[in-house]
Amino acid sequence: MEALKLSSKKNKRTIEEINEKIRTGNVQVLTAEEMKKLVESSGVEVAFKEVDVVTTGTFGAMCSSGAIINVGHSDPPIKIQKAWINDVEVCHSGAAVDLYVGATVMSERQPFEYGGGHIIEDLVSGKEVELKAMAYGTDCYPRTQVKTNLTKDDLNQFYLLNFRNCYQRYNCAVNSRDETIYTYMGKLLPRLKNATFSGAGELNPLMNDPDYETIGMGTRIFLGGTQGYVIGEGTQHDPQNRFGTIMIRGDAKKMSPEFLRGASFTRYGTTLYVGLGIPIPILNEGLVKKTAIRDEEIFTNVVDYGVPRRDRPKLAKVSYKELKSGSITVGDRRIRVSSLSSLKTARKIAGTLKSWIENGEFFLTAPVERLPVDSVFKPMRQTEEVSFVANVMQKAVTCSETEAVQAIAERIVTRSVNHIVMVDGSGKLTGIVTSWDITRALAQGKTALADIVTRRVITAKPDEPLETASKRMAQHNISALPVIDNEKKVLGIVTAEDVSKLLGR
Amino acid sequence: MVRILLRFSENIVEEPIISQIIIELKVPINIITAHVDSKGGEVLAEVPDEALKKVVKAFRKRGATVSIPKLIEIDSEKCVSCGACITLCPIEAITMDEDASVVFNQEKCLGSTCSACVDACPTRAIKSVKQNSSEVAANNAH
């Protein structure tokens, strides 16, 4: 009996035991990167014996972040109806003077450059911000306007309250279109010329405890340079696909701008970079194996953000090892890849958390409720139909390069169209001629089609939403887009006329 | 037009590199300032924007050092070393070193004519540096 008891004791460790070791200064802590090396060199058993806690870290753009602030009552008091801080609208959804600063809300004066994330950073840095608010006025809250300057010291509460943070892993993004696109995954060059990814891979908090054995409501964490808490699973938590997320809270007054940064993604919007680290208590050998996970074992999909749909094409599967190497392979192509999150800061977070625990400044907590492992992330139920290019495109009237301008002019009249699509022998797009081109050719006495055809044609794909195709026409100031497949074969044409007919319906 | 700073080492200073490149690429290269002696040479020249890449490549192929003087500035306080800029640089002048810090190679940078990395920086740590007025005047003089 005694021997059995002893062996069971050897195979397990409790959070209380770890906290006692922290108290007495005997705790053994490794960062996740160090842990992997130790398990590799000495094995699971030794690592379990030697390590009590593994620290993790991540520092990246986390859009579903924000801060709840209480600004106190003015005299006479106001029940704020609408409010702005530094020209960024903040949300008022409570009683009178509680405001939620959403990270992605943009400044009205400098949209895309300054936003909620920057306000949070400015307040954290001790800077003064300007609050403007208005109200309809009530008998109990008579004031209708207020304007004042505030620092974090003037606020009653200033809590970071993020409803979705710390994705376990994320997509790697590329763009198949002919133009550069600006996304929440950064600037994506045309025709798969670059790729971007996010996440710390083997240093990521949730990746080191993928079954959420030790993480849940009440888990104490590193957050923005101070101690914070997990308050449950994050929105869109998708554990079965290894896209887990957490909801977190922490006292922003104690945070540091080094780990909380406002950021701007060109033509996408503003956000907040959040620094977050979770200590994983090594309670059993299973957790040793889990925290030993390497970048080469963590995979994600290369996703084509050039397709503006919910389910974007997945072009390849890559590991975080490849992502961190600077280039990935898609088909037979080598594509350079950029990170959007900072590995350097993620490492610093794991290291800082390690030293806090070693110095007896940070004690572990057991979750009062673990994160769900079986919940599902559903798409939106849509009760209204959406139109795609395929729904409105018409048969294209075509021509070949060898035809004369006169023949094209006649075709425009007989078929009563404004656009003739030029194709080669196999039906692939080679150019476009408009009635305007023909008019100009006649005026200038040109007879060869080759002299007047436009060869850099702006096109559409059949499964593209009509809205984006219509936007592209407006952007290039044109009135039709040939619809092509991936092989450039012409499937039809969509015109501005067809679009307005549909929208006017 | 773009200004480029060419440096020729002792070994190659006697070769007619600029003339060779003008003839080979059929690109007008405008020499703004030149200082050449037996120890090497330094030439500030102007080339048309659209020819910049091939001209720079051609000079480098022949052993000259090409730079665009102080055209980009990195605010190290703002930079978080995320690396979002790295793949946007057409000439791979931005790299990540061993400790995951982002490093800019100012020598290689093409500067304001490129600026592909500037709007990709989430913390707006990269700035294209404008030429100062005396330099602009020097350019306009030609």
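The values are calculated or read from the model by the stated rules, or taken from the named source; none is laboratory data. No experiment lies behind these values; they were computed from the predicted model shown. Counting neighbours? That spans all protein chains shown, and the Cβs are built from the backbone with ideal geometry, glycine included.
Of everything in region A:181-197, what is within 9 Å of another protein chain (Cβ to nearest Cβ), in a loop (DSSP other than H, G, I, E, B) and buried (at least 19 other Cβ atoms within 10 Å of the Cβ)? Give them in sequence order.
A:Leu189
When the residues of region A:358-399 are filtered to those that are part of a loop (DSSP other than H, G, I, E, B) and among the basic types (Lys, Arg), which remaining residue is farthest from the chain's Cα centre (by Cα)? Walk me through how you get there before you give the answer.
At the first step, the residues of region A:358-399 found to be part of a loop (DSSP other than H, G, I, E, B) are A:359-368, A:371-387, A:393, A:395-397.
Of the ones still in play, those that are also among the basic types (Lys, Arg) are A:378, A:381, A:395.
On the way: A:Lys378: 18, A:Arg381: 22, A:Lys395: 38 Å.
So, considering only residues that are part of a loop (DSSP other than H, G, I, E, B) and among the basic types (Lys, Arg), the one farthest from the chain's Cα centre (by Cα) is A:Lys395.
One line per residue, one yes/no per condition, for (1) surrounded by 15 or more Cβ atoms within 10 Å (Cβ to Cβ); (2) modelled with pLDDT under 95; (3) away from chain A (no Cβ under 14 Å); (4) closer than 22 Å to B:Glu24 by Cβ:
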residue: B:Val47; (1), (2), (3), (4): yes, yes, yes, yes
residue: B:Ala51; (1), (2), (3), (4): yes, yes, yes, yes
residue: B:Ala58; (1), (2), (3), (4): yes, yes, yes, yes
residue: B:Ser67; (1), (2), (3), (4): yes, yes, yes, yes
residue: B:Ile86; (1), (2), (3), (4): yes, no, no, no
residue: B:Glu92; (1), (2), (3), (4): no, yes, no, no
residue: B:Asp99; (1), (2), (3), (4): no, yes, no, no
residue: B:Ser115; (1), (2), (3), (4): yes, yes, no, no
residue: B:Thr123; (1), (2), (3), (4): yes, no, no, no
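Would you be able to say whether some residue in region A:263-277 is touching a Pro at 6+ places or on another chain (Cβ under 9 Å), in a helix (DSSP H, G or I) and among the hydrophobic types (A, V, I, L, M, F, W, C)?
Scanning region A:263-277, I find no residue that is touching a Pro at 6+ places or on another chain (Cβ under 9 Å), in a helix (DSSP H, G or I) and among the hydrophobic types (A, V, I, L, M, F, W, C), so the answer is no.
More than 14 Å from chain B (Cβ to nearest Cβ) and within 21 Å of the chain's Cα centre (by Cα): which single residue out of A:Asn156, A:Asn175, A:Asn162 fits that description?
On the way: A:Asn156 fails: within 21 Å of the chain's Cα centre (by Cα); A:Asn175 fails: more than 14 Å from chain B (Cβ to nearest Cβ).
Residue meeting the stated conditions: A:Asn162.
So which strands (runs of 3 or more DSSP E) are wholly in region B:1-85 and hold at least 2 residues that are aliphatic (A, V, I, L, M)?
Per the criteria, B:2-9, B:30-37, B:40-47, B:72-74.
Looking at region A:29-80, what strands (runs of 3 or more DSSP E) fall wholly within it and have at least 3 residues that are closer than 22 Å to A:Ala95 by Cα and at pLDDT 95 or above?
Working: elements: A:29-31, A:53-55, A:58-61, A:66-70.
The qualifying strands (runs of 3 or more DSSP E) are A:66-70.
Return yes when A:Ser74 is more than 14 Å from chain B (Cβ to nearest Cβ), of a type in the set (S, T, N, Q) and over 25 Å from A:Gly234 (Cβ atoms) and no when it is not.
For A:Ser74, the condition - more than 14 Å from chain B (Cβ to nearest Cβ), of a type in the set (S, T, N, Q) and over 25 Å from A:Gly234 (Cβ atoms) - is met.
Does region A:149-166 include one or more residues that are of a type in the set (Ser, Thr, Tyr), out of contact with any Phe, Trp or Tyr (no Cβ under 8 Å at 6 or more places or on another chain) and either at pLDDT 95 or above or surrounded by 19 or more Cβ atoms within 10 Å (Cβ to Cβ) (or both)?
There is at least one residue in region A:149-166 that is of a type in the set (Ser, Thr, Tyr), out of contact with any Phe, Trp or Tyr (no Cβ under 8 Å at 6 or more places or on another chain) and either at pLDDT 95 or above or surrounded by 19 or more Cβ atoms within 10 Å (Cβ to Cβ) (or both).
Out of the residues in region A:333-354 that are touching a Phe, Trp or Tyr at 6+ places or on another chain (Cβ under 9 Å) and more than 10 Å from every other protein chain (Cβ to nearest Cβ), which is surrounded by the most Cβ atoms within 10 Å (Cβ to Cβ)?
A:Ile349
For A:Ser387, only one of the following conditions fails: (1) in contact with a Leu (Cβ under 6 Å, 6 or more places away or on another chain); (2) modelled with pLDDT of 90 or more; (3) surrounded by fewer than 19 Cβ atoms within 10 Å (Cβ to Cβ). What is its number?
In the conditions (1) in contact with a Leu (Cβ under 6 Å, 6 or more places away or on another chain); (2) modelled with pLDDT of 90 or more; (3) surrounded by fewer than 19 Cβ atoms within 10 Å (Cβ to Cβ), A:Ser387 misses (2) alone.
Write out, first by first residue and then by second, each pair whose Cβ atoms fall under 8 Å of each other, whose residues are 6+ apart or on separate chains, and whose first residue, in region A:105-134, is free of Cβ contacts under 8 Å to residues at least 60 places away in the same chain and more than 14 Å from chain B (Cβ to nearest Cβ) while the second is of a type in the set (Ser, Thr, Tyr) and part of a strand (DSSP E or B).
Between residues of region A:105-134 that are free of Cβ contacts under 8 Å to residues at least 60 places away in the same chain and more than 14 Å from chain B (Cβ to nearest Cβ) and residues that are of a type in the set (Ser, Thr, Tyr) and part of a strand (DSSP E or B), the close pairs are A:Glu130/A:Thr148.
Of the numbered conditions (1) touching a helix residue (DSSP H, G or I) at 6+ places or on another chain (Cβ under 7 Å); (2) away from chain B (no Cβ under 14 Å); (3) buried (at least 18 other Cβ atoms within 10 Å of the Cβ), A:Gly262 fails exactly one; give the number of that condition.
Tallying (1) touching a helix residue (DSSP H, G or I) at 6+ places or on another chain (Cβ under 7 Å); (2) away from chain B (no Cβ under 14 Å); (3) buried (at least 18 other Cβ atoms within 10 Å of the Cβ), A:Gly262 fails exactly one: (2).
Kindly indicate whether any position in region A:464-478 is out of contact with any His (no Cβ under 8 Å at 6 or more places or on another chain), at pLDDT below 90 and closer than 22 Å to A:Cys399 by Cβ.
No.
When you check A:Val330 against the structure, is it hydrophobic (A, V, I, L, M, F, W, C) and within 14 Å of chain B (Cβ to nearest Cβ), yes or no? Full working, then the answer.
On the way: hydrophobic (A, V, I, L, M, F, W, C): yes; within 14 Å of chain B (Cβ to nearest Cβ): yes.
Yes: the conditions hold for A:Val330.
Conditions (1) surrounded by 12 or more Cβ atoms within 10 Å (Cβ to Cβ); (2) within 17 Å of A:Ile412 (Cβ to Cβ); (3) of a type in the set (Ser, Thr, Tyr); (4) touching a strand residue (DSSP E or B) at 6+ places or on another chain (Cβ under 8 Å), marked per residue:
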| site | (1), (2), (3), (4) |
| --- | --- |
| A:Ala443 | no, yes, no, no |
| A:Ile452 | yes, yes, no, yes |
| A:Ala460 | yes, no, no, yes |
| A:Glu464 | yes, no, no, yes |
| A:Ser470 | yes, no, yes, no |
| A:Pro482 | yes, yes, no, yes |
| A:Lys489 | yes, no, no, yes |
| A:Ile493 | yes, yes, no, yes |
| A:Lys501 | no, no, no, no |
